[in-house]
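Visitor: My questions all concern the structure below.
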Amino acid sequence: MSISVETQNRTNDALGQSDAFVAFQQDLSRVAPVERPVLIIGERGTGKELAATRLHYLSSRWNEALVTLNCAALAPTLIASELFGHEAGAFTGASKPRTGRFETAHLGTLFLDEIGSIPFEAQEKILRVVEYGSFERVGSSSPTQVNVRIIGATHHDLPTLAESGKFKRDLLDRLSFEVLVLPALRERQEDILLLTNHFAARMAFELELTSVPEFSSAAIARLQAHQWPGNIRELKNVIERAVYRSGGLKIDEIEFDPFRSARSQPISKTVDTDTQTKTDTSESQNSLPDAIRQLEIQMLKDALTRARFNQSKAAKILGLSYHQFRGLYRKHIKRPG
């Protein structure tokens, strides 16, 4: 089985040179060839699925299937059917037999993301697969044999869940042959700029920019001072948004909260001014399109004045992309009607 381009691109996001990241990768590489279950623990957005993908392709099962199931995305009543499949007539709506994830992953790897969300009844059946390599489809009494390596991932404290009776202790013991803890991005300070440049280059390529926008020293300082509660996923979104809004120019400002501009005071003042302008000129406006045109012109002029005629900054003030701003500018100001 060849590795898809999408898988290659996603795996390339697992970059880092910090001591914490290098130590994690070394631990992952050491356990990858060992035919035993592995648990990956980490905060949301740290790259648990990327780590599972790398573990699979470093194992002897690399040319077999890597099957993924997000256990938190399914209703508890559906997880057993997803994992083990079902026979026709097993329940209402089961009109024909269905192969589950364990059968699909035969000879390969099954990655169970958010494994702490699996219902207790399904945990019993998973334990049997781990111990004996067999299970029964929902609605069947005939055993099905499989050879699957399980990788589990979660941001929950599984030992605490086991102590409270929410996770089967025997299953936890069998799955935790090795426990890999992914470091949070705030623990990988040396990697923030490396990942920033990586995501910026990819976004610039996607947008077909002639060059990758540079980050000012102030922008870099803000990136390094941020605590990154969303980890790498948050960093990726922040950088891609910054490159998209930059229009190819140098990036001086970093917006961590994309909703903040909608609540910011300057924009509120602009709206108030424009509302007043519309009211003052209402007597001379004969149609809704004409009123909208006048409002757009006034907002463009106000934004340009506040941005000292820097069109990229004016676009940000208005919450527009650079290309959207240029379209309005050419329509109303560069070619006044």
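A short reminder: the numbers here are calculations on the coordinates, not readings from a lab. Remember, predicted model here, so these are calculated numbers, not experimental data. Ideal geometry is used to build each Cβ from the backbone, glycine not excepted, and the neighbour counts take in all protein chains shown.
Visitor: Grab the other residues whose beta carbon is less than 14 angstrom from that of P76, score K and R as +1, D and E as -1, and report the net.
Guide: In short, -2.
Visitor: In addition: I want the local charge near A219. Using Cβ-Cβ distances under 10 Å, sum +1 for each Lys or Arg and -1 for each Asp or Glu among the other residues.
Guide: Local net charge: -1.
Visitor: Any chance you could run the full-extension gain for E49 through D157? It's 0.36 nm times the residue separation minus the Cα-Cα distance, nm to one decimal.
Guide: Using 0.36 nm per residue and subtracting the Cα-Cα distance, I get 37.1 nm.
Visitor: Using mean Cβ contacts within 10 Å as the protection proxy, how do 229-238, 146-155 order, highest first?
Guide: 146-155, 229-238
Visitor: Go ahead and run the numbers for FRET between R169 and V22, Cβ-Cβ distance against an R0 of 30 Å, rounding to 0.05.
Guide: The computed FRET efficiency comes out at 0.35.
Visitor: What FRET efficiency comes out for A73 versus R293 if R0 is 35 angstrom and r is the Cβ-Cβ distance? Round to the nearest 0.05.
Guide: 0.15
Visitor: What is the mean projected area of the alpha carbon convex hull for segment 5-183, to one decimal in square nanometres?
Guide: Spelled out: convex hull of the Cα atoms, projected over all directions, averaged, 10.6 nm².
Visitor: Classify segment 72-148 as rounded, prolate or oblate from the Cα gyration tensor: take a ≥ b ≥ c as the square roots of its eigenvalues, call it rounded if a/c is under 1.5, otherwise prolate when a/b beats b/c and oblate if not.
Guide: It is oblate, given that a/c is not under 1.5 and a/b is not larger than b/c.
Visitor: What does the charge count near R186 come to, summing +1 for each Lys or Arg and -1 for each Asp or Glu among other residues with Cβ under 13 Å from its Cβ?
Guide: -4
Visitor: Would you please put 102-112, 170-180 in order of how densely packed they are, using the mean number of other Cβ atoms within 10 angstrom per residue and starting with the highest?
Guide: 102-112, 170-180
Visitor: Find, to one decimal place in angstroms, the Kirkwood hydrodynamic radius of segment 186-246, where the mean of 1/r is taken over every pair of different Cα atoms and then inverted.
Guide: About 11.7 Å for segment 186-246.
Visitor: Return the FRET efficiency for the residue pair E35, V179: r is the Cβ-Cβ distance, R0 is 22 Å, and the value is rounded to the nearest 0.05.
Guide: So, using R0 = 22 Å, E works out to roughly 0.85.
Visitor: For labels at R186 and E136 in the simple 7 Å Cα→Cβ model, what's the distance in nm?
Guide: Those two pseudo-labels are separated by 4.9 nm.
Visitor: Give me the one-decimal nm value for the distance between modelled label points at V212 and H323, 7 Å along each residue's Cα-to-Cβ direction.
Guide: Output for this residue pair reads 2.1 nm.
Visitor: Express the C-alpha Rg of segment 167-212 as a ratio against the empirical globular expectation 2.2 N^0.38 Å, rounded to two decimals.
Guide: 2.03
Visitor: Would you mind computing, in nm to one decimal, how far apart the modelled labels at A65 and K331 are, each placed 7 Å from Cα along Cα→Cβ?
Guide: Computed distance between label sites A65 and K331 equals 5.0 nm.
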